[in-house]
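The values are calculated or read from the model by the stated rules, or taken from the named source; none is laboratory data. Here the structure is a predicted model, which means the values were calculated and not measured. FYI the Cβ positions are ideal-geometry reconstructions off the backbone, even for glycines, and counts take in every protein chain you see.
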Amino acid sequence: MSPDVSGAYAYCERLARTHYENFPVASRLVPARMRPHIAAIYAFARIADDMADEGDRPAAERLADLDRWGDRLDAALAGAAPPADEHAAVFVALAHSIRTCRLPVSLLHDLLSAFRQDVHVTRYASWDDLLDYCRRSANPVGRLVLRVAGYDRPDLDAASDAVCTALQLTNFWQDLGIDWRRGRLYVPDAIWQAHDARTEDLDAGRMTPAWRAALAESTVRTRQLFARGAAVADGVNGRLRLELRATWLGGTRILDKLERSAFDPLAHRPSLSRTDVPGIAWGMLTWAVAGPPRTADQGHRG
């Protein structure tokens, strides 16, 4: 690996370490050989996501920036030297990762499609509409991680898609209040309207029984996705298996906290902390012995 490429990867890894996420990004559980590639993917997506979320800038400018970001990706793959700006290292590293790991470029363009949607879509009419957004905003990341690890199997892709969508949805439910203050609502209209919830209550910071019921239904649907995706952790080998188990357990643990709060993320945003580490570690150990834990909705039905 040339010094220029090594330095580009180092830049991406620094960027990954300086951004807080609910779930691991190129953590120490991931095999060392994978970390630079995952950091390059993360840096590309993180910067593009920030472009889309710059809400004080006109939408047309943000969309133009995202178009140029996609053009830079294609140009880098064609062998063109990236413009000498602060983000040049991202494309040096990412182009190398795409060639080394044979990453499908279409997955990166799917991410950009979702970020463009973020600029002008703030509500979702139906659950299917929301899942289509997650298909492009979350699922590509899981598939790219699998490709970096050397896996290209339809069954693993399907399980990964379920987990990635569930993780994205979990983030939406925990950030309900934050998103609403920014003018966004991810609970689909069909769900909250069926429970007779009112957006005026969110304006007033009230988590009414109607909103709790809507969030409870959304959580049950999310748990079903986690259950469908549990197999991805056991379909891979080595340390990646531990990483995926930890990620799955972290996501379901946030849903547990949301449920224990009586579905009131406005009063207290459920999140992971150091105190959750022992529980997740125990979950990883028992998973290795007895298989994935049953999600709460599975237990209720059983």
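What to note about this one:
- Of the criteria (1) under 27 Å from ALA149 (Cβ atoms); (2) surrounded by fewer than 19 Cβ atoms within 10 Å (Cβ to Cβ); (3) not charged (D, E, K, R), which one SER271 fails: (1)
- Test for ALA16: is it at pLDDT below 95, outside the structural domain of LEU272 (by TED's automatic domain parsing), of a type outside the set (Ser, Thr, Tyr) and touching an Asp or Glu at 6+ places or on another chain (Cβ under 8 Å): no
Each row is one residue, and each column tells you yes or no for (1) under 21 Å from THR18 (Cβ atoms); (2) crowded, with 21+ Cβ neighbours inside 10 Å.
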site: PRO31; (1), (2): no, no
site: ARG35; (1), (2): yes, no
site: ALA40; (1), (2): yes, yes
site: ALA43; (1), (2): yes, yes
site: ARG46; (1), (2): yes, no
site: ASP53; (1), (2): yes, no
site: PRO58; (1), (2): no, no
site: ALA64; (1), (2): no, no
site: ARG68; (1), (2): no, no
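- Scanning segment 104-130 for residues that are surrounded by 21 or more Cβ atoms within 10 Å (Cβ to Cβ) and part of a loop (DSSP other than H, G, I, E, B) gives a single hit, TYR124.
- All positions within segment 188-209 that are assigned to a helix (DSSP H, G or I) and more than 15 Å from TRP173 (Cα to Cα): ALA190, GLN193, ALA194, THR199, GLU200, ASP201, ASP203, PRO209
Yes/no per residue for (1) buried (at least 21 other Cβ atoms within 10 Å of the Cβ); (2) closer than 24 Å to ALA262 by Cα; (3) not assigned by TED's automatic domain parsing to the domain that holds ASN237:
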residue: TYR133; (1), (2), (3): no, no, no
residue: GLY142; (1), (2), (3): yes, no, no
residue: ASP189; (1), (2), (3): no, yes, no
residue: ARG198; (1), (2), (3): no, yes, no
residue: ASP201; (1), (2), (3): no, yes, no
residue: ARG206; (1), (2), (3): no, yes, no
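- When residues of segment 52-90 are limited to those that are of a type in the set (Gly, Ala, Ser) and assigned to a loop (DSSP other than H, G, I, E, B), the one farthest from SER6 (Cα to Cα): GLY55
- Flag set for ASP234, criterion: at pLDDT below 95, surrounded by fewer than 20 Cβ atoms within 10 Å (Cβ to Cβ), under 30 Å from MET284 (Cβ atoms) and out of contact with any Ser or Thr (no Cβ under 6 Å at 6 or more places or on another chain).
- Look at (1) under 23 Å from the mean Cα position of the chain (by Cα); (2) touching a residue at least 24 places away in the same chain (Cβ under 8 Å) and you find that THR100 fails only one, number (1).
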